[in-house]
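**Student:** Sharing a structure below in C-alpha cells format, with a few things to ask.
Bear in mind these aren't lab numbers, they're just calculated from the coordinates by the rules spelled out. All values derive from a computational prediction rather than experimental measurement. No Cβ is skipped: glycine too gets one built from the backbone with ideal geometry, and neighbour counts run over all protein chains shown.
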Amino acid sequence: MTTRGLAPARTVLDNGAVIVAKESGKTPAVSINLALRAGSIGDPPGAAGSTYLLSQTIDRGTERRPASEIAEALDDRGITLSFGVTRHLFSVVCTCLAPDVEFVLALLAEIVSMPSVPESELATRKGEAVTTLRQDEDNPAIRAVERLMSLLYGSEHPYGRPARGTIATIEAATRESLLDLHRQRFAPGELSVVLVGDLDVQHVFDVARAVFGSWSAPSPRPIDVPHPAPAAERRRIVIPMMNKSQADIAYGFTTITRSDPSYFPFWLMNNVFGQYALGGRLGDSIRERQGMAYYVSSTFDPNVVEGPLLIRAGVSAANVDRAIASIDEEIAALVRDGITDKEIAESRQYMIGSMPRALETNAGIAQFLQTSEFFGLGEDYDVRLPDRLHAVTRDQVHDVARRFLAPERATIVVAGPYEG
C-alpha cells in the first residue's frame, strides 16, 4: 500500500510569497510558521545583531497600529507570537484557534511588511538585548561555541559572527538602520507561510492572497556566503573563566552542505556517534563508563554552505584534558573501524521511529514543512525519508567519517575554570 504522508497543499502568490497548508483535525487550532529568507547573514558590515534586534522590535508597532493595540488584540485571543532568527531565516510562529486565522494572518502580514519601530520601544528592546548579551558573556557554554564558530569560519563570515551581535553593535543600532535593513532584506518573494490544523485549505489560500498579495517589494540580491576552508591543523583555545564551577568544551569541524549526497550517511553517523540513546558513543564512553561529563553530545548542522559538526561537553576542570583525549579516541575509532551492523540498524530504526513523534503536533508538522520548503526537499519528503535512511550502508558511513573527521584537524575551545 502506498503511503500518502503529509501531502500538504502549496501555492505561490503573484508576488512570489509561498503558502503551504495542511489540514489536520487533531485539535480545533491552527499552528502558523512564517519565515523570511532574511536571517543574520544579511546583517550589514560592522552591525552584527541587527536582524536579531529587528526581531525583538518588529511587533512593537506598525504603520497602522501601536504596540499596545497589537498586544491587546493578541492577549484577547490568548495568542503569543514567538520570533526567531537563524543564519538564513527570520521566523514568527504561533498557534491560534481556527476562527482567529484570518485575524492572525492579517496581523502577521502587517507586522512583517510595515513595521514602524518606535523609538521608545527600540530603547526598551536594546536594553533587554544588552542584558542578554551580558548574560551570554558570563556563560561558558555560549562563549565556547561562539569562539569555535569564529575559528571554524572566520570572524567576518556570516556563520562566524555572533547572531545576536555585540553590546557595541546593539547600542549603535538606530531606528533608521533597522528600517533600512527591513527595506533591503524583507520582500514577499522571500516569504513562506505554513499553516497546519483545523482549516479549509482553499479558504486559507484566499485569506493569504488577500492579506499578503498586496505586499510589493523587490527581492533583495542574494548574499554570497563563502564556503569555509577546512582546518589544516589542530587548534586549541582556552577562555579562562575562573569563577565558574564547570568547564565547557566545544570541539568541531566544518562538514557538508544540506544538498550534499552524503547528507544521509553523515546524519546517521552523527546519530551513532553523539545522539542515540544517552549520547551515542560519546555519551556511553565519557558520561556513562568514565563518569567524567555532566553532559556530552554531538550535533550536525549542514546548511546552505558547509555546516559544522559540534561536539559539546561539560566537565569539571580536572577532567578537561581526559575528556578531550576521550573525544579524540572515539573519533579515531570511528575513522578506523566505522560503525557496526547493530549500530546502523538501531540508529536507523530510532531515526525513522522518531519521525512520527516529531510530527505529533501541528507545530511540529509546520516546522518540518517549513524546513522542507527552505531546502527544497519536496512536499513528499516525509514519505521518501525512510527509504533514504534504509539505503545508507556501513561503507557510506565509514567513508564520511574518514573524509571529514580527524583529531589532528580538530578545532577545540575550552571555557571555564581552566587555564590549560
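**Student:** Run the helix sum for the chain: -39,500 (n - 2.57) per DSSP H stretch of 4+ residues, divided by residue count, reported at 222 nm to the nearest 500 deg cm²/dmol. Show your work: numbers first, answer last.
**Tutor:** Values: 15 runs with 183 residues, N = 420.
The helix contribution divided over the chain gives -13500 deg cm²/dmol.
**Student:** If you add up the charges near residue 235, with Lys and Arg at +1 and Asp and Glu at -1, over every other residue whose beta carbon is less than 13 angstrom from its beta carbon, what do you get? Present the calculation step by step, with values, prior to reporting the outcome.
**Tutor:** On the way: positive: 147, 234, 236, 409; negative: 233, 408.
Surrounding charge for residue 235 is +2.
**Student:** Considering the Cα positions of the chain, please state its Rg to one decimal place and its Dmax as a whole number of Å.
**Tutor:** That works out to 22.7, 63 Å for Rg and Dmax.
**Student:** Please compute the length gained on full extension between residue 97 and residue 156, using 0.36 nm multiplied by the number of residues separating them and subtracting their Cα-Cα distance.
**Tutor:** On the way: separation 59, 0.36 × 59 = 21.24 nm, distance 4.34 nm.
That pair, residue 97 and residue 156, stretches by 16.9 nm at full extension.
**Student:** Tell me the relative contact order for the chain as a rounded percent, counting alpha carbon contacts under 8 Å between residues six or more apart.
**Tutor:** Working: 782 pairs, mean separation 97.0, N = 420.
Reported relative contact order: 23 percent.
**Student:** Now for a different question. Would you please name the trypsin sites (Lys or Arg not before Pro) within segment 10-43 that are DSSP coil residues with at most 16 other C-beta atoms within 10 Å of their C-beta? Please list the in-between numbers first.
**Tutor:** On the way: sites: 10, 22, 26, 37; in loops: 26, 37.
Sparse-neighbourhood loop trypsin sites (Lys or Arg not before Pro): 26.
**Student:** Pairwise over distinct Cα atoms, reciprocal of the mean inverse distance: report the Kirkwood radius of segment 210-305 in Å, one decimal place.
**Tutor:** 17.4 Å
**Student:** Also, I was wondering about something else. Using only the alpha-carbon atoms of segment 9-212 as identical scatterers, what base-10 log of I(q)/I(0) does the Debye formula give at q = 0.13 Å⁻¹?
**Tutor:** -0.75
**Student:** Note down the net charge around residue 290, summing +1 for each Lys or Arg and -1 for each Asp or Glu among other residues with Cβ under 12 Å from its Cβ.
**Tutor:** Details: positive: 287, 289, 322; negative: 284, 288, 329, 330.
Summing Lys and Arg as +1 and Asp and Glu as -1 gives -1.
**Student:** Under the 0.36 nm per residue contour assumption, what length would be gained going from the current alpha-carbon distance of residue 137 and residue 203 to full extension? Before the final figure, lay out each step's value.
**Tutor:** On the way: separation 66, 0.36 × 66 = 23.76 nm, distance 4.77 nm.
Between residue 137 and residue 203, full extension yields 19.0 nm more.
**Student:** Set Lys and Arg Cβ to +1 and Asp and Glu Cβ to -1, take the dipole of the chain about its Cα centre, and tell me which of 333, 145, 186 lies farthest positive.
**Tutor:** Value: 333.
**Student:** How much length would be gained if the chain were fully extended between residue 227 and residue 371, taking 0.36 nm per residue of separation minus their Cα-Cα distance, in nm to one decimal? Don't skip to the end; give the middle numbers.
**Tutor:** Values: separation 144, 0.36 × 144 = 51.84 nm, distance 2.14 nm.
49.7 nm is the gain from fully extending residue 227 to residue 371.
**Student:** Check cross-link reach from residue 126 to the aspartates and glutamates: straight Cα distance under 19 Å, and skip same-chain residues fewer than eight apart.
**Tutor:** Counting by Cα, and skipping residues close in sequence, residue 126 has these aspartates and glutamates nearby: 43, 59, 136, 137, 138, 171, 176, 180.
**Student:** Label-point separation (nm) for residue 172 and residue 387, each offset 7 Å from Cα along Cα-to-Cβ?
**Tutor:** 5.3 nm
**Student:** Taking Cα pairs under 8 Å and at least six residues apart, what relative contact order does segment 70-119 come out at, in percent? Mind dumping the intermediate values first?
**Tutor:** On the way: 24 pairs, mean separation 11.7, N = 50.
Relative CO of segment 70-119 lands at 23 percent.
**Student:** Could you pull out the GluC sites (Glu not before Pro) across segment 103-209 that fall in loop regions by DSSP (anything but H, G, I, E, B) with no more than 15 other Cβ atoms inside 10 Å? Intermediate results must be reported in sequence, preceding the final value.
**Tutor:** Numbers: sites: 110, 119, 121, 128, 137, 146, 156, 171, 176, 190; in loops: 156.
Of the GluC sites (Glu not before Pro), the ones in loops of segment 103-209 whose Cβ has at most 15 other Cβ atoms within 10 Å are 156.
**Student:** While we're looking at this one, here's another question. Using a basic spin-label model with each label point 7 Å from the Cα along Cα→Cβ, how many nm lie between residue 408 and residue 333?
**Tutor:** Label-label distance for residue 408 and residue 333, simple model: 2.2 nm.
**Student:** Let me ask something else about it. Determine, from the Cβ-Cβ distance of residue 180 and residue 7 and an R0 of 45 Å, the FRET efficiency 1/(1 + (r/R0)^6), rounded to the nearest 0.05. Working shown, then result.
**Tutor:** Details: r = 41 Å, r/R0 = 0.92.
The computed FRET efficiency comes out at 0.65.
**Student:** Can you give the relative contact order of segment 9-212 as a percent, counting alpha carbon pairs under 8 Å and 6+ residues apart?
**Tutor:** On the way: 346 pairs, mean separation 85.4, N = 204.
Normalised by residue count, the contact order of segment 9-212 is 42 percent.
**Student:** Another question about this same structure. Please compute the alpha carbon radius of gyration of segment 162-238, then divide it by the globular-protein estimate 2.2 N^0.38 Å. Two decimals is fine.
**Tutor:** Numbers: Rg = 20.1 Å, N = 77, 2.2 N^0.38 = 11.5 Å.
Relative to the rule-of-thumb radius for its length, segment 162-238 sits at 1.76.
**Student:** Ok, one more. In what order do 241, 269, 355, 149 fall by count of nearby beta-carbon atoms within 10 Å, going from fewest to most?
**Tutor:** On the way: 241 20, 269 30, 355 15, 149 23.
The most exposed by this proxy come first: 355, 241, 149, 269.
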